[in-house]
Structure formats: structure tokens, C-alpha cells
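K.L.:
Mind looking over this structure? Questions follow.
The values are calculated or read from the model by the stated rules, or taken from the named source; none is laboratory data. This one's a predicted model, so the numbers in the text were calculated from it and none came from an experiment. With ideal geometry, Cβ positions are generated from the backbone for all residues, glycine too; neighbour counts draw on all protein chains shown. With ligands, DNA and RNA removed, areas are computed over all heavy atoms of the protein, side chains included. Shrake-Rupley method; radii C 1.70, N 1.55, O 1.52, S 1.80 Å.
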Amino acid sequence: MKVLGISGSPRAGGNTELLVQAALQELQTEGIETEFVSLAGRPILPCTACDDCSHVDRPMCTLGDEGFDGMIERFMAADGILIGSPVYFGSATPETMALLDRVGLVSLRNGRFLRRKVGAAIAVARRAGQNFTFAQLNYFFLINEMIIPGSTYWNIAFGREKGEVAKDDEGLQTIKNLAHNMAFLLQKLNA
Ligand SMILES: Cc1cc2nc3c(=O)[nH]c(=O)nc-3n(C[C@H](O)[C@H](O)[C@H](O)COP(=O)(O)O)c2cc1C
């Protein structure tokens, strides 16, 4: 079983990466293979609604930008998707949504390959907006027929400067508990 962990922050080495990596480490202790992808330095164009993905012979997006290269294959190969985003003005980052819009539309137009994968979201912010962003990411999972595990709190944490989120003990523990519940769900679904 494999979980694809994505940090949707444009800032390398920041709080989102730290949280997603913490979750992936816990998943590894449960024997789950993980892959980490950071969107920092990996520009991804937004969906242009060209609808070319309705007329392809395999699931793909025809925009052809380097940042998106391999993303469809990664999502298809994963049993679970873990997406972290910082809060930017109350929402997920444009990088995160550009990726999800495109993967989501390619999935819808090509046999709904996201269906019944496990999805988990993490949101981090300096002060507020985590719950809205958490919900925003969960809406993506739900409309794609994905299955969402819970944790001991909503999967949110606090931090502003790089690494500051490491001081949020409850936030970190929530993310670790989420990872173990995700592993439990994956194991049940794939038994
Ligand atoms: C453009 C921008 C908008 C932001 N908007 C918010 C916000 O609405 N609420 C908040 O609490 N923090 C906000 N922040 C702070 C980030 O969410 C916070 O620094 C977070 O830890 C960044 O995650 P990263 O280290 O993974 O990049 C914003 C930061 C930037 C750069």
C-alpha cells in the first residue's frame, strides 16, 4: 500500500512540509510505502477548462507543463492521498488547488480513478482559516468518492515562520493520530 503526501506550500522547508513529512513517517511505521512531493519550486498551471482530458486514450492532461509531469500517474498509483496546505487569505494555496483541479477533472473524465482512495487533509496557518481550508480540501475528496479518516481534532496546526509548527504539540499529535487512522483504514480497505 502506498500513500502520496503532497505539500501545497510554495515555501520549501516550511510548516506544511514538516507536518506532511511527520504524517508520512508515522505511516511508514505501519508498513505503508510513502512518496513525498513538494509543490515548492514546482509551478503547476491552473486548469484551462479545455476539456482535452475528455478525449484522451489514457488519463492525462494536455497542458504539458513540467511541474505537473507524473502527477496523474502518482495519484493513480497511490492508495491514499495526504494533502497539506498553508492557509493563504483563508483558503488553500493556488498551487494546491491548481493541482487538485487538474487531477480531479482528469479523474472525472477518465473512469473516476480517485474513487475509494483514502484522502486526508492538513491545514496550517499563523492564526486563522485552518478549518475553512481543511473543509475545502475535504470537499475535493468527497466529490471524488474518496474516503476520509478522522483524528483526535481537525487536522490543523499553528505556525508562521518556517519550523514554528513544531512547537504546536497538539497539532503535531493530531497529525500523527491521523496517520495511524489512515493506516488502519487503508489496511481494512485492502484486506
Ligand atoms: C500570501 C499569504 C497569505 C496568508 N494568509 C494567512 C491567513 O489567512 N491566515 C493565517 O493565519 N495565516 C496566513 N498566512 C500565514 C501562513 O499560513 C503561515 O505562515 C504558514 O505556516 C505557512 O506555511 P508554510 O511554512 O508551509 O509555507 C499567510 C501567508 C501568506 C504568504
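K.L.:
Does at least one position in segment 131-138 carry a residue that is aliphatic (A, V, I, L, M), open to solvent by 30 Å² or more (accessible area, probe 1.4 Å) and within 16 Å of the ligand (Cβ to nearest atom)?
P.N.:
yes
K.L.:
Still on this model: Tally the residues that are farther than 18 Å from THR152 by Cα and surrounded by 15 or more Cβ atoms within 10 Å (Cβ to Cβ), restricting the search to segment 99-125.
P.N.:
16
K.L.:
Right, next: Among the residues of segment 121-140, is any assigned to a helix (DSSP H, G or I) and β-branched (Val, Ile, Thr)? I'd like the intermediate steps shown before the answer.
P.N.:
Step one: filter segment 121-140 for residues assigned to a helix (DSSP H, G or I), giving 130-140.
Okay, now just the ones that are also β-branched (Val, Ile, Thr), so 133.
Yes.
K.L.:
Scan segment 165-177 and tell me whether some residue there is more than 24 Å from ILE32 (Cα to Cα) and surrounded by 14 or more Cβ atoms within 10 Å (Cβ to Cβ).
P.N.:
yes
K.L.:
Would you point out the residue of segment 16-36, among those that are open to solvent by 10 Å² or more (accessible area, probe 1.4 Å) and within 16 Å of the ligand (Cβ to nearest atom), that is nearest to PHE75 (Cα to Cα)?
P.N.:
Let us first name the residues in segment 16-36 that are open to solvent by 10 Å² or more (accessible area, probe 1.4 Å), namely 17-18, 21-22, 25-26, 28-31, 33-36.
From what is left, the residues that are within 16 Å of the ligand (Cβ to nearest atom) are 17-18, 21-22, 36.
Values: GLU17: 18, LEU18: 21, GLN21: 17, ALA22: 20, PHE36: 12 Å.
Only one residue tops the list, namely PHE36.
K.L.:
Could you grab me the full set of residues in segment 161-191 that are within 16 Å of the ligand (Cβ to nearest atom) and in contact (Cβ under 8 Å) with a residue 40 or more places away in the chain?
P.N.:
LYS162, GLY163, GLU164, VAL165, ALA166, GLY171, LEU172, ILE175, listed by residue number.
K.L.:
Does PHE184 satisfy the condition of being under 20 Å from ASP79 (Cα atoms), of a type in the set (Phe, Trp, Tyr) and modelled with pLDDT of 95 or more?
P.N.:
yes
K.L.:
Let me ask something else. Name the residues in segment 148-164 that are surrounded by 18 or more Cβ atoms within 10 Å (Cβ to Cβ) and assigned to a strand (DSSP E or B), would you?
P.N.:
Correct list: ILE156, ALA157.
K.L.:
How do the strands (runs of 3 or more DSSP E) wholly within segment 1-109 filter down when requiring 1 or more residues that are free of Cβ contacts under 8 Å to residues at least 60 places away in the same chain: which remain?
P.N.:
Ranges flagged: 33-38.
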